[in-house]
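For reference, the structure discussed in these notes is given below.
The values are calculated or read from the model by the stated rules, or taken from the named source; none is laboratory data. Fair warning: this is a prediction, and the values are worked out from it, not measured in the lab. Cβ placement follows ideal geometry from the backbone for every residue including glycine, while neighbour counts extend to all protein chains displayed. Calculation scope for accessible area: heavy atoms of the full protein, side chains included, ligands and nucleic acids excluded. Shrake-Rupley method; radii C 1.70, N 1.55, O 1.52, S 1.80 Å.
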Amino acid sequence: MRVIKSAGHLLSTQSYTYKWGKLTVKSQGSAWSPWLDFTPADVRTALHGYSSSYLRRFPAIIRLQVSPVVDPTSVNVQVRFSGTAREANLSADLFGPSLALMIWRDVNSNAPRAETMAGYNQRYWAEFDRAAIPPSQRPKRFLIVDRFIGGDDDILDWQQGISHLAEVGITAMLVPPLGPLPGMLTKDGVGRVALAVYSPPGGALGGGTKTQPLDKWASELAAEYLKAGYSPSDFSIIAIADEPGWYFPMVLEAVKGDPTSLDEFRSYMAQQHLTPTMLGAANWSQVYPVGHGGVSTSAPLSRRRLFYWTCRFFSWKSAQYMRSATAQLHRAFTPELKTFSDFNNFADQFYFEGFAANNPSPHNPDAAMGAPDWFEFGQMHGADLMWTEDWFANNRAYQWSYYAAKFASIGYQNGLGFGGYVIGRVDGDPPDGLTQRILALVGNGAKAVFYYNFGPAYNWPGNCYSEVPGVPTQLGRADSMIAKSENILWPGRKPQAQVAILEPRSSEVWDGLSLPPGGAVVGATNNNPNAATLDYMAEEYDEYLALEMSDIPVDFIDEDELTDATLDHYKVLYVTEPDVPNSGQRAVTRWVKAGGTLVMVPGAAQGDRYDEPAKTLTLLTGSLSHERAYVRNALSLKQVATVGGEPVFGEPPDPPRGGTVLLTFDDHMPAITQHDVDRGRILTFSWFPGIAYAHLALGPHLELLDNAAANSLRELVLKPVRSAGVSPPVQVNIPYVESPILESPEGDAITLLNWTGRDLSSIKVRVRVPFRIRQVVSVTRGNISLQRQGDGVTFSLPLGAADIVELRR
């Protein structure tokens, strides 16, 4: 090795040191150093270091240290391989002391090769160049984030990584606080910086006397970046927690052992309008958090209250702590910085039992796991953006609409935005599914998307898409489509839905009572909503899926929103959860009497929030008691009946008493019963229609199957919607084409998502909007002719994987 320039100037007599591990050689001026021999023992040491120990394949990485370095320092390196005549002559301009050498064998000749990281990365850039979007045609307002991980201090490595990611439409880049990077980002038109931390001090719940204060933590983080040359206005988005969660009994013991936390716990109980007597104690000094092991099926109500609110306390505490972290980050950086916490409890379960994961006390009677309650987190403004990740392949792109529907419901109620990590390395078939994943988010109202992460993968094995061909092409395609309609998509909001699904909450606390031996509710890291769960949770998702594939917009509302003011927005409400607070049940009853259509399945609303018997709604329907069932895999359930000749899967039918039978099974047992209540009605399914539909509509890899049997059951899930006269703003003549619409001052944008699995030669779209449509424009096909019909317009167009259609005023 040798240094030929320092700070851009030729050298004279400066001495330089080159290190790898314990190996050291020196050079003088611009002279070459002695050879640094890399022995078999050194090879073994390198392969046990990060990232080779995870990668377990070529390239192997030799990380050298050069000192002193003054930016820029120009370095030459020669690499020879023993037993061959091959020699590699490499060069780099360094802004810091680190230079990485990549060692691998050629896949064709098996010859040994060596390069700098910048040289090795040339294999990635051709596809980015082919997918490049002209700068004037890239998105400007959406936060579209990616990450280039430069593994050393080679200026060219960082320059080329940033410039190529920018080519496909990235608007913000996750980068470290390194001096040369602000100028590189500016040069390539990436005007915003993204940041990420694993969690604030103290983890998801904070606390502890030794925990660094949040204000000091935020200030030190900001100081690192400002010292590197970034400006406060550069910062756009920050991940403040990654997959937050906590374990019982650990958190119980932490509260019991900390007087400050115990005071906070007791104060929280008082805020819920509880008294020591209601919790089975004589005074507050006797009130302590309690786990599941202290609550049997015959436990008194006071004990059940204490357990229920203990579980709720930790989700509340986490949201409060994240809100404080957000406030300090706004103060330290800029109020415009958007914070998010990446949730991995994908069905929004905040308490679940049986899932050991990394619980240090998995066999303790109180063993369980907790996670943020999405709706409470949003209500408390725990962060600026609601957020989760996919980690599912392209054939399940449709699942993003489920997450987006929940996040939009939370965000619009609480003044928050939402976004998500789209994981490129789990791309798969169909290739266009990656574009669909992105547009399912954006088309449903997301304002931020993080493409997680380019990498390269050799610097962060298991997390990056650099080795997956086709991803840059799909990213460029999606970003180009977003840019073309950005003036409508960016300010756009979803219109008020007419159909809602009640988001379960209280029932989750009591699910452990229904677990069989060996059963586990995998509420975290499980992105299959039909596995390792309870029947009512799978039913919630599967009912949404049936509505999504029928192009019916859906809101989710939580138990706190079971009020007259909220329910008045809806014509139809689906309820699957067994335990619904009594106040919410009374509000639903008033709403039904005023003309609402309530949909219930076996066990729905049979208990209050403490799993005590509740009669408010079940008396109106004659519903019988139903024990919730653990579901290892809803798609493996056995057939229990037939309806209209189609098989029904799940649990044996459990029909209510009385009412008008609207549909029977083929053996004449009631399948759907209607009870009229004043001006409204309650439709009770004696089975789980969503689960039965999903059993036929989802394949072995959870890909969608469009078939007659599934569509027959899908129509039964829709029966309450049809009977209530729900008329969505957009209707497509072919099922399995989703068409979320966003409204804005300049017009509306319809994102057409084709879930049929095939290109469609023509679809017909009917739209009703509260303004006169002047022009219909597809971002992929240009102007489209329209026909005015009554209070709406119709138009037709071919549809590939996805499109965005603008309705211009």
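Some points to look at:
- Distance from the range 729-745 to the range 668-702 (C-alpha centre basis), Å: 24 Å
- For the range 671-809, the Cβ-based charge dipole about the Cα centre amounts to some 460 debye (Lys, Arg positive; Asp, Glu negative; other atoms uncharged).
- Note: relative contact order over the chain, using C-alpha pairs below 8 Å and six or more positions apart, is 9 percent.
- Taking Cα centre as origin and charging only the Cβ of basic (Lys, Arg, +1) and acidic (Asp, Glu, -1) residues, the dipole magnitude of the range 308-391 rounds to 360 debye.
- Farthest toward positive dipole pole in the range 174-322 [+1 Lys/Arg, -1 Asp/Glu at C-beta], among Ser302, Pro176, Ala228: Ser302
- Taking every alpha-carbon pair within the range 490-595, the share separated by more than 23 Å comes to 36 percent.
- Tensor-based shape of the range 115-195 (alpha-carbon gyration tensor, a/c under 1.5 rounded, otherwise prolate or oblate): oblate
- Among Tyr288, Leu47, Ser739 - extreme Cα towards positive end, dipole of the chain, charges at beta-carbon: Leu47
- Accessible area expressed per residue, the range 731-809, with surrounding protein chains retained (probe 1.4 Å, Å²): 42 Å²
- Subtracting the Cα-Cα distance of Thr563 and Arg80 from their residue separation scaled by 0.36 nm leaves 166.4 nm.
- Look at where the Cα atoms of the range 93-163 and of the range 190-218 average out, and the two centres are 30 Å apart.
- Size of electric dipole in the chain: Cβ of Lys, Arg +1 and of Asp, Glu -1, about Cα centre, debye, nearest 20: 1400 debye
- A straight Cα-to-Cα reach below 23 Å connects Lys5 with the lysines Lys19, Lys26, residues fewer than 8 places away in its own chain not being considered.
- Structure-based [θ]222 nm, the chain - -39500 (n - 2.57) summed over DSSP H runs of at least 4, per residue, nearest 500: -8500 deg cm²/dmol
- Rounded if a/c under 1.5, otherwise prolate or oblate - the range 695-769, Cα gyration tensor axes: oblate
- Rounded to whole numbers, the Karplus 3J(HN,Hα) couplings from phi for the range 494-511 are 5, x, 4, 6, 9, 10, 10, 10, 6, 6, x, 9, 4, 4, 4, 5, 9, 4 Hz, using 6.51 cos²θ - 1.76 cosθ + 1.60 with θ = phi - 60°, and x at Gly and Pro.
- Positive end of the dipole of the range 543-690 (Cβ unit charges, origin at the Cα centre): among Val601, Gly659, Ala614, the Cα lying farthest that way belongs to Gly659.
- Overall shape: prolate for the chain, with the ratio a/c of the largest to smallest alpha carbon gyration tensor axis at 1.5 or above and a/b above b/c.
- For the range 509-526 versus the range 257-321, the inter-centroid distance based on Cα atoms is 22 Å.
- Over the range 133-281, equivalent-ellipsoid semi-axes from the Cα gyration tensor in Å: 44, 17, 13
- The range 327-421: projected area of the alpha-carbon convex hull, averaged over directions, in nm²: 7.9 nm²
- log10 of Debye I(q)/I(0), alpha-carbon scatterers only, for the range 637-735 at 0.10, 0.14, 0.16 Å⁻¹: -0.30, -0.58, -0.75
- Full extension of the chain between Asn463 and Arg57 yields a length gain of 144.6 nm, computed as 0.36 nm times the residue separation minus the alpha carbon distance.
- Plainly put, the range 769-809 has a radius of gyration that is 0.96 times its Kirkwood radius, both from alpha-carbon atoms, as the Rg/Rh ratio.
- Long pairs among Lys719/Lys764; Lys317/Lys494; Lys615/Lys638; Lys593/Lys615; Lys317/Lys447, criterion Cα-Cα beyond 21 Å: Lys719/Lys764; Lys317/Lys494; Lys615/Lys638; Lys317/Lys447
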